[in-house]
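Here is the structure we will look at.
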């Protein structure tokens, strides 16, 4: 079975989800504070981590920050409904997606399956893609830029893959959300914008300071070819 690590101090929620996820062929392990959650995330090698922002001992954002220094395990953040700042901070620190509390267990499972489909490697077979100084290898889900490896989250990798399949073409935020997060874009959802910002920062610019990814107002984003102007 696929393993899910839930880091949340709500023990009743853990019991409820354990039964529900088991019926969905997912095994659940739990931690109820930040430090123990970080330890389990690093040492028990879960398939995906569900991480609450509000935790005793260490906040979920601090857990995520330390986790990303050593692991690229997919992370779904649990945030308070209406707390846009926590969502943006979580995505900037490397979360793959977020889900506001309270949530329906069915929605949680749908988000988890979307993340697991994207990160399993089973759906992105194909030949390596080369564009200027960038190389993307779908089967190993690895990226190099200027000959150096680039560490990307699952969502960032799938976002870049979508761009490189359509270089020089404008892709809507809706299509990018579906490609990178495996779900439709919600109203007022800024997730894809944060992922694009993270990707820009990690890849840097072309030689000569030309940007790689350009926002097109009202349309979406385009991955520019070297020397191309949007």
Working carefully through the options 201, 165, 141, find the one that is farther than 16 Å from residue 98 by Cα, outside the structural domain of residue 95 (by TED's automatic domain parsing) and in contact with a helix residue (DSSP H, G or I) (Cβ under 8 Å, 6 or more places away or on another chain).
141
Which of the following residues is within 28 Å of residue 225 (Cβ to Cβ) and part of a helix (DSSP H, G or I): 174, 107, 139, 135?
174
Here is a check on your reading of the model: is residue 159 assigned by TED's automatic domain parsing to the domain that holds residue 195, in a loop (DSSP other than H, G, I, E, B), buried (at least 22 other Cβ atoms within 10 Å of the Cβ) and in contact (Cβ under 8 Å) with a residue 24 or more places away in the chain?
no
Return a yes/no flag: does the stretch 204-217 have any residue that is in contact (Cβ under 8 Å) with a residue 12 or more places away in the chain and closer than 19 Å to residue 74 by Cβ.
no
Just a yes or no: is a residue in the stretch 85-93 closer than 24 Å to residue 185 by Cα and loosely packed, with under 15 Cβ neighbours inside 10 Å?
yes
Looking at 46, 105, 35, 74, can you tell me which residue is in contact with a helix residue (DSSP H, G or I) (Cβ under 9 Å, 6 or more places away or on another chain), touching a residue at least 40 places away in the same chain (Cβ under 8 Å), surrounded by fewer than 18 Cβ atoms within 10 Å (Cβ to Cβ) and assigned by TED's automatic domain parsing to the domain that holds residue 15?
105
I'm told residue 196 meets every condition in (1) surrounded by 14 or more Cβ atoms within 10 Å (Cβ to Cβ); (2) at pLDDT below 95; (3) under 14 Å from the mean Cα position of the chain (by Cα) except one. Can you identify the failing condition by its number?
(2)
Just one of 13, 38 is modelled with pLDDT of 95 or more, over 25 Å from residue 158 (Cβ atoms) and not in a strand (DSSP E or B); which is it?
38
With the requirement that a residue be touching a residue at least 60 places away in the same chain (Cβ under 8 Å) and out of contact with any strand residue (DSSP E or B) (no Cβ under 6 Å at 6 or more places or on another chain), what does the stretch 189-203 give you?
190, 191, 194, 195, 197, 198
Selection status of residue 7, surrounded by 18 or more Cβ atoms within 10 Å (Cβ to Cβ) and touching a residue at least 60 places away in the same chain (Cβ under 8 Å):
no
On the given criteria, is residue 63 touching a residue at least 40 places away in the same chain (Cβ under 8 Å), in a strand (DSSP E or B), on the phi < 0 side of the Ramachandran plot and not assigned by TED's automatic domain parsing to the domain that holds residue 181?
no
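The values are calculated or read from the model by the stated rules, or taken from the named source; none is laboratory data. Since we're looking at a predicted model, the values are computed, not measured. Note: ideal-geometry Cβ built from the backbone for every residue, glycine included; neighbour counts use all protein chains shown.
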